[in-house]
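These notes are about the structure you will find just below.
Read-outs: derived from the displayed coordinates by stated rules, not from any lab. No experiment lies behind these values; they were computed from the predicted model shown. We place every Cβ from the backbone using ideal geometry, glycine too, and count neighbours over all the protein chains shown.
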Amino acid sequence: MIMKRLVVSFLIGLALFYPMLGWAHDYTEGNFKITHPWARFTPPGSPNGAAYLVIENKGATPDRLIGAVTPRAAKVEIHGHEMTDDVMSMRQREAVDLPPNESVTFETGGLHLMLIKLTAPLKEGERFPLTLKFEKGDDITVDIAVERGVEVKMDQHHQME
Ligand SMILES: [Cu+2]
């Protein structure tokens, strides 16, 4: 009886804890380590989303991220934020340099992968595949974890497009 109760509470604990496991997932393939690929949930009717991750180039040579694809969106664009005349604006980038032995962070308010025309809103707790394309290295497919994240005003630019 006690054993059964322990198992049940363990399972409940696991269910509650499960979303947090997403925070720690990472992938090491080829020269790259991809850490915590995630996207913010999107409200109903929102056409676009944004994904974030950290890419570490563990190799000895420079490479570049040249794009990404996912079945969850019509296309993926690399976006960065830039200050021009004291105004922060979002700009599409062709590629992101990945120097050897350095980490590049895609984060809210900075570099991000813009998911254009989502097939459906991103639901918290959901996971979906996204394939990163490199100039030299092989493609790497990661699971993007959809999370609540922290509310950031910056994200409003996604609604405007
Ligand atoms: Cu964007």
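A few comments on the model shown:
- Among the residues of segment 45-83, the ones that are of a type in the set (Gly, Ala, Ser) and more than 16 Å from the ligand (Cβ to nearest atom) come to 3 in all.
- When residues of segment 125-140 are limited to those that are surrounded by 15 or more Cβ atoms within 10 Å (Cβ to Cβ) and not basic (Lys, Arg), the one farthest from Ala39 (Cα to Cα): Gly137
- Pairs, first under 20 Å from Lys58 (Cα atoms) in segment 101-115, second assigned to a strand (DSSP E or B) and charged (D, E, K, R), C-beta under 6 Å, six or more apart: Ser103/Glu56
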